[in-house]
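S.K.: My questions will all concern the structure given below.
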Amino acid sequence: MLEEDPKAIFTRWLEEHSSSVLKVARAYTLTKEDCQDLAQEILLQAWRSLPKFAGKASPATWFYRVALNTAMNWHRNDRPRRQFQRPLLEVQTLVTNSDDSCRQVEQQELVERLYAAIHQLPCTEVALVLLYLDDMSYSEMANVLGISESNVGVRLNRAKKVLATLFDAEPVEGEADES
Amino acid sequence: MSLDRLQQAWKAESSQVRVTFDADQLGREVQQSNDAFRSIIFKRDVREVGVALVMIPLWIAMGIRSSSLWTWYLMIPVLLWIVGFMLVDRRLHPQLPSEPGEPLLCSLRKSLAQVEHQIWLLRNVFWWYLLPPAVAMGAFFIHSSWETTESWLGAILMTTIPGIVVYFVYRGVYWLNQTAVEKQLTPRRNDLVKLITNLEGECSEEDSIEMMNIASSLNETDGRLHLERTNAIAAETWNRIIPSWREVAWIVIPTILSAYVGYRLSFEPAGRVAMRSVGAAVGVFLIILFRLGYVAHRRHKGQPLTGAEQTHFNLPARTIFALMLLLVLLAFVAFFIDAPKRKMRDKPDAVELDSRIEEAPDRADDHKVELL
């Protein structure tokens, strides 16, 4: 199915889609350790199932499928099995110039609040919201989740409303101190 | 806050993150994980199928050695049936590692199919696993009792005791299987059905909230994790029964003492020294083990086994497990040593034969006189 060297393909795909792995890992976990643990598990599962990739879906869709399936299967109880694994991945945040840094901090705060809201959503809705935030089309979302596009539309509208409510309910950092 | 702004912030954050990974190590980890999975599968097959296959020649050898009745050999087709059933079932419903590249709904449906099959298997455990050996054992007990006593009443009385033992063992096994269905598999199936319904169709927000708590049910149906968890639960069970060396002492000391008593006391109907010693040791070992199992069950009441607390057998539990295997081995050895002796017991002894030979000419003379 894959004529090119799997290692080279995987490296290239991961460069393009590593952010989706991290986002899914972060959305389905509450602590940094768990997030790292889940991200590693997603990488392992992706590598394992790469030979079976039939090319019917795009790499982005495939990565999301692997990540979401692994996240739903992931269980904190499996930690004893994984605790002996050496760290497989390293996450680096790129530094921008000083003009952008202020905006970057503001965005980071916004994203933090967004994750806090996402953590309160049901797991199937989390999947939808992540795909929506990554600007996927209804067709791609339906492809990842295995449901119809109309179903995606109905569910996404509801999820967006819930997300907006939860987001507005989240206290903005510093607001509580000021009041 | 507009969702568009959130989307922009989300995308901007993605562009600021870079992930580096060690591809070689990743490959090694996957290989190790696959090897571990294959090892678990191999051990399971050896345990469940290999033991039955080893039992067949052993059973035949034991039957020949002890000149058993033909009903003894009924167990052979039964063992073949169980092995065949397991192999066919494994082929039709393999417990494969999950395939994460599939759409979510598809993966959920596969998990549901696996759970439903496991439920079917355990619900029908009586028909495919328990009943066939029971019929074979029952036929042998009744036949041998009849041969020994040659009366229906005697046969029934002799069959009653092993029958009661088998009944309680079967009841325990059946109960364990049905409890697993009720406590683990059925809730898991219900959770999966809810998740699938939630993804497939329209459902209320209340239903959606419920989904938050049940996603972990997926994990139970992953073939790989299911097997790993089964092993972990077995380890947890043993560790609960034998948590420390004190329990080891509780079992080992009386077992050795009873073996010694069996060795010292001369009780001819119980067989040779080896048989008496091993028989006494096995009996005491089982009684204490069951007693400790009951105590552990009481101690951990309301704490279901999860396989999460301990994933490996502790050393005291391993010791008792090894002792159990040793006793099984010794029991077979003792049986083989004792078999010729039993055969001799069933035949007339040498003194009796001599007296019969001496009487034979006199009887012949008597017959001659009668004829004349």
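The values are calculated or read from the model by the stated rules, or taken from the named source; none is laboratory data. Just so it is clear, the structure is predicted and the values come from calculations on it, not from any experiment. As a convention, Cβ positions derive from the backbone with ideal geometry for all residues, glycine included, and neighbour counts pool all protein chains shown.
S.K.: In the range B:55-88, what residues are β-branched (Val, Ile, Thr) and touching a Leu at 6+ places or on another chain (Cβ under 9 Å)? Step through it out loud before you land on a result.
M.R.: Our first condition is that a residue be β-branched (Val, Ile, Thr); within the range B:55-88, this holds for B:56, B:60, B:64, B:71, B:76, B:78, B:82-83, B:88.
Scanning the range B:55-88 gives B:Ile56, B:Val83.
S.K.: Filtering the range A:119-128 down to residues that are buried (at least 21 other Cβ atoms within 10 Å of the Cβ) and farther than 14 Å from A:Ala67 by Cα, which residue is farthest from the other protein chains (Cβ to nearest Cβ)?
M.R.: First pass over the range A:119-128, keeping only residues buried (at least 21 other Cβ atoms within 10 Å of the Cβ): A:121-128.
With the extra rule that they be farther than 14 Å from A:Ala67 by Cα, the set shrinks to A:121-122, A:125.
Values: A:Leu121: 8, A:Pro122: 4, A:Glu125: 6 Å.
Per the stated criteria, the residue is A:Leu121.
S.K.: Under 9 Å between Cβ atoms, which residue pairs at least 6 apart in sequence (or on different chains) link something in the range A:43-59 that is closer than 14 Å to A:Glu16 by Cβ with a partner that is of a type in the set (Lys, Arg)?
M.R.: Within 9 Å, the pairs are A:Pro59/A:Arg12.
S.K.: Now for a separate question. Which ranges mark the helices (runs of 4 or more DSSP H) fully within the range A:121-179 that have 1 or more residues being at pLDDT 85 or above?
M.R.: On the way: elements: A:123-133, A:138-145, A:149-169, A:175-178.
Of the helices (runs of 4 or more DSSP H) lying wholly inside the range A:121-179, those with at least 1 residues that are at pLDDT 85 or above span A:123-133, A:138-145, A:149-169.
S.K.: Every residue in the range A:1-52 that is closer than 27 Å to A:Glu112 by Cβ, more than 9 Å from chain B (Cβ to nearest Cβ) and in a loop (DSSP other than H, G, I, E, B), please.
M.R.: Scanning the range A:1-52 gives A:Thr29, A:Leu30, A:Thr31.
S.K.: Still on this structure, please answer the following. With the condition kept exactly as written, say whether any residue in the range A:131-142 is in contact (Cβ under 8 Å) with a residue 12 or more places away in the chain, more than 17 Å from A:Lys23 (Cα to Cα) and out of contact with any strand residue (DSSP E or B) (no Cβ under 9 Å at 6 or more places or on another chain).
M.R.: Yes.
S.K.: Could you tell me which numbered condition B:Met75 fails, if it satisfies all but one of (1) surrounded by fewer than 17 Cβ atoms within 10 Å (Cβ to Cβ); (2) assigned to a helix (DSSP H, G or I)?
M.R.: Failing condition for B:Met75: (1).
S.K.: Please tell me if B:Val30 is within 14 Å of another protein chain (Cβ to nearest Cβ), at pLDDT below 85 and within 30 Å of A:Gln108 (Cα to Cα).
M.R.: Numbers: within 14 Å of another protein chain (Cβ to nearest Cβ): yes; at pLDDT below 85: yes; within 30 Å of A:Gln108 (Cα to Cα): no.
The answer is no for B:Val30.
S.K.: Consider A:Phe84 carefully, then state whether it is among the aromatic types (Phe, Trp, Tyr), outside any helix (DSSP H, G or I), surrounded by fewer than 19 Cβ atoms within 10 Å (Cβ to Cβ) and modelled with pLDDT under 85. Working first, answer last.
M.R.: Values: among the aromatic types (Phe, Trp, Tyr): yes; outside any helix (DSSP H, G or I): yes; surrounded by fewer than 19 Cβ atoms within 10 Å (Cβ to Cβ): yes; modelled with pLDDT under 85: yes.
For A:Phe84, the condition - among the aromatic types (Phe, Trp, Tyr), outside any helix (DSSP H, G or I), surrounded by fewer than 19 Cβ atoms within 10 Å (Cβ to Cβ) and modelled with pLDDT under 85 - is met.
S.K.: State whether the residues of the range B:258-268 include one that is surrounded by 18 or more Cβ atoms within 10 Å (Cβ to Cβ) and at pLDDT below 85. Walk me through it before giving the result.
M.R.: We begin by selecting, within the range B:258-268, every residue surrounded by 18 or more Cβ atoms within 10 Å (Cβ to Cβ); these are B:258-259, B:262.
Now drop any that are not at pLDDT below 85, which leaves B:262.
Yes, that holds for at least one residue.
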